[in-house]
């Protein structure tokens, strides 16, 4: 099942520092998930100045429970980067199927 995740970082003075501290681990986990077909697409949400303030991911897990298990080890969650996370069921459109594999 595919999911759309939209996560917003904290808006305090240390938010970008927390993101940068956790970023290498987040990218490494994401690369492993891409290889397994669990992360289809992803990117950073930017503010007007071009600073990263959140994330958008398209994920593929068997069910919501497995996505929730991943969230428990995701470095942007464990590193207190994402302060608001919205997850919705999603379906990649037919024009994009196969581009991520």
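Taking segment 72-101 as the range and being within 13 Å of the chain's Cα centre (by Cα), over 14 Å from residue 8 (Cα atoms) and free of Cβ contacts under 8 Å to residues at least 24 places away in the same chain as the test, only 72 passes. Just one of the numbered conditions (1) crowded, with 16+ Cβ neighbours inside 10 Å; (2) at pLDDT 95 or above is not true of residue 92: (2). Applying a threshold of 9 Å to beta carbon distances and a minimum spacing of six or more residues, or different chains, the list of pairs starting in segment 50-67 at a residue that is surrounded by fewer than 13 Cβ atoms within 10 Å (Cβ to Cβ) and ending at one that is part of a strand (DSSP E or B) reads 64/3; 64/87; 64/89.
Contact map, segment 12-35: residues that are free of Cβ contacts under 8 Å to residues at least 60 places away in the same chain paired with residues that are surrounded by fewer than 17 Cβ atoms within 10 Å (Cβ to Cβ) and not in a helix (DSSP H, G or I), Cβ distance under 6 Å, separation 6+ or inter-chain. Pairs shown: 22/79.
The values are calculated or read from the model by the stated rules, or taken from the named source; none is laboratory data. Everything numeric in this text was worked out from a predicted model, so none of it was measured. Glycine gets a Cβ as well: all are built from the backbone with ideal geometry, and neighbour counts include every protein chain shown.
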